[in-house]
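Okay, so here's the structure we're looking at.
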Amino acid sequence: MAKDVIVALDFDSKEKALAFLDNFNEEIYVKVGMELFYKEGPEIIKEIKKRGHKIFLDLKLHDIPNTVESATKSLMNLDVDMINYHIAGGEEMLSRSTKSAKELNKNIITLGITMLTSTSEEMMHEDILIKDNLNIEDTVLSYAKTGKKSNLSGVVCSALEVPKIKSELGEEFLTVTPGIRLQSLNNDDQKRVVTPIDARKLGSDYIVVGRPITKSETPFESYCEIKKMFLGE
Ligand code: C5P
């Protein structure tokens, strides 16, 4: 199974994102989120593709099944490599969308968001009204099961949750894990952080890394160091 480092292009303009990519003279995997996509539109995807990079388009789609399926078909025109949905949108939304996505691009990786890491257990019970007897871990696993039933390729989760998800849902169900830090760096606003070496040992398929690379004075060197640690080379 392909393992890789995905660099989070958390920039607010095309100019900044492309200037950052000038540091890389090899093809890499990048994540484009709402901030950059909503500002620059499909054009930014075309520009990044032109440079040969792979793209995880992180828009976290969530609406009625028909709308999300139609949005998925539109996004497939962009020829991205990975897209994602809120599993809370339900099985019909997920299965119709992933089916359409895979019909239009058989190599697309479709991922589900379980619980956002910004959601506390208290919020989960008080605001989202998830039963009091379910903790975050149980809920993440239950959501991941819905994702698998709906034929998603995998989930976005914490590397700490990977062993449980893999043992319950199988090795081939992909796990894409943010919250990665080198021990020597500060943790910014990430709370449950994992090093690239630990992410490898826990079984993550892809790690998503933002600031340890984007804020580095030598982004390419930081990327290579993190990739080497993650792939165990
Ligand atoms: O800078 P940092 O490495 O923390 O960036 C991580 C990236 O992964 C950001 O784009 C962030 O939005 C995203 N992310 C996350 N935690 C999640 C889901 C996505 O940090 N649970």
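The table below lists the values:
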{"quantity": "Any hit, segment 163-178, residues being more than 24 Å from LEU59 (Cα to Cα), within 14 Å of the ligand (Cβ to nearest atom), of a type outside the set (A, V, I, L, M, F, W, C) and open to solvent by 20 Å² or more (accessible area, probe 1.4 Å)", "calculated": "no"}
{"quantity": "Matching residues in segment 211-222 - criterion: being open to solvent by 20 Å² or more (accessible area, probe 1.4 Å) and within 13 Å of the ligand (Cβ to nearest atom)", "calculated": "ARG211, THR214, LYS215, SER216"}
{"quantity": "Boolean, THR139 is in a loop (DSSP other than H, G, I, E, B), of a type in the set (S, T, N, Q) and without any contact (Cβ under 8 Å) to a residue 40 or more places away in the chain", "calculated": "no"}
{"quantity": "Extreme residue, nearest to GLY154 (Cα to Cα), among residues of segment 183-210 that are at pLDDT below 95 and near the ligand (Cβ under 8 Å from one of its atoms)", "calculated": "GLN190"}
{"quantity": "Neighbours by Cβ (under 8 Å, 6+ apart or cross-chain): first from segment 45-56, over 13 Å from LEU18 (Cβ atoms); second of a type in the set (Lys, Arg)", "calculated": "ILE55/LYS31; ILE55/LYS49; PHE56/LYS31"}
{"quantity": "Subset of segment 10-52 [surrounded by fewer than 13 Cβ atoms within 10 Å (Cβ to Cβ), of a type in the set (A, V, I, L, M) and over 18 Å from the mean Cα position of the chain (by Cα)]", "calculated": "ALA19"}
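The values are calculated or read from the model by the stated rules, or taken from the named source; none is laboratory data. Please read all numbers here as calculations on a predicted model, not as lab measurements. Cβ sites come from the backbone with ideal geometry, for glycine too, and all protein chains shown count toward neighbours. Accessible surface is based on the protein model in full, side chains and every heavy atom, while ligands, DNA and RNA are left aside. Shrake-Rupley method; radii C 1.70, N 1.55, O 1.52, S 1.80 Å.
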